[in-house]
1. Hey, how much of the P(r) for chain A falls beyond 20 Å, as a percent of Cα pairs?
2. If you fit an axis through the alpha-carbon atoms of helix A:88-106 and take the longest principal axis of the Cα set of chain A, what angle between them do you get, 0 to 90°, nearest 10?
3. Within straight cross-link reach of A:Lys21, meaning Cα distance under 20 Å, which aspartates and glutamates are found once same-chain residues fewer than 8 apart are removed?
4. Measure out, as a whole number of angstrom, how far apart the alpha-carbon centroids of region A:181-205 and region A:2-42 sit.
5. Evaluate the charge dipole of chain A about its Cα centre and quote only its size in Debye, nearest 20, assuming +1 on the Cβ of each Lys and Arg and -1 on the Cβ of each Asp and Glu.
6. Per-residue HN-Hα couplings for region A:14-25, Karplus 6.51 cos²θ - 1.76 cosθ + 1.60 at θ = phi - 60°, whole Hz, x for Gly and Pro?
7. Measure up A:Lys9/A:Lys116; A:Lys9/A:Lys198; A:Lys176/A:Lys203; A:Lys9/A:Lys208; A:Lys58/A:Lys93; A:Lys80/A:Lys116 against 24 Å on the Cα-Cα distance and list the ones that go over.
8. What is the P(r) of region A:35-136, as percent of Cα-Cα pairs per 10 Å bin from 0?
Amino acid sequence: MLPDLSERKAQARRVVRQLKKDYADAECALNFDSPYQLLIATILSAQCTDVRVNIVTKDLFAQYPDAEAMAKAKVPKLEKIIQTTGFFRNKAKNIHAASQALVDQYDGEVPQELDKLVALPGVGRKTANVVLGTAFGIPSGVVVDTHVGRLTRRLGLTDKADAVKVEKELMEAVPKKEWIDFSHRLIHHGRAICAARKPKCDKCHFLKFCPQVGV
DNA sequence: ATCCCGAGGG
DNA sequence: CCCTCTGGAT
């Protein structure tokens, strides 16, 4: 049973305060040097570690640094480069088509509106929110990936499984000015401490308000 | 065997 | 809501 909104807001304040203490300088772990490159790196990050994405994008961006170059690439060549990130056929097709759409519709630039980003092939809310927040500093939503979903459920900020529903509840409970850092820091905490399989509760600073304690 | 900074389609 | 797409890491 999910606590009411005022209690979730109070819990969110505790979480935000501890995240700031533990992960003050947390930032995006993906390597990029333009909004376009962040967009592509984020598409590649589905079901893949950021470490591996960075290995692949080093090669990929050396050959295809922007939307114009990527739109001219041959899809089988892209498949080969990104092969080890998984889902490589879908990702290669989507990266190529999204790059072509950027060239056709936005002169090769990345739009700064959620609905325009989500309309691109292979771009959902999670990817769009990463690009808007991290590349443009626009808090258009809360990034909900596998880490954010898992941790906010464990911490009692949501009881939903669906990422869109989780995002909606987090947008209610977490102040808008915290949205961007909130997700980044939760992701860091999810990787370092609150892992899916063997969470290191003995090293966790969130225990004093974690509903999982004793469960 | 299970999870990793998901998206699209049924 | 479910399923599929995929290789790598643990």
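Just so you know, all these numbers are worked out from the coordinates, no wet-lab data involved. In this text, all values refer to a predicted model and were calculated from it rather than measured experimentally. Counting neighbours? That spans all protein chains shown, and the Cβs are built from the backbone with ideal geometry, glycine included.
1. So the portion of pairs separated by more than 20 Å is 58 percent.
2. For A:88-106 against chain A, the angle is about 70 degrees.
3. Within reach: A:Glu178, A:Asp181, A:Asp202.
4. 12 Å
5. Value, rounded to 20: 1000 debye.
6. Going residue by residue, I get 4, 5, 4, 4, 5, 4, 5, 5, 7, 10, 4, 10 Hz, with x marking Gly and Pro.
7. Working: A:Lys9/A:Lys116 31 Å; A:Lys9/A:Lys198 28 Å; A:Lys176/A:Lys203 29 Å; A:Lys9/A:Lys208 17 Å; A:Lys58/A:Lys93 19 Å; A:Lys80/A:Lys116 29 Å.
Those over the limit are A:Lys9/A:Lys116; A:Lys9/A:Lys198; A:Lys176/A:Lys203; A:Lys80/A:Lys116.
8. 17, 55, 27, 1
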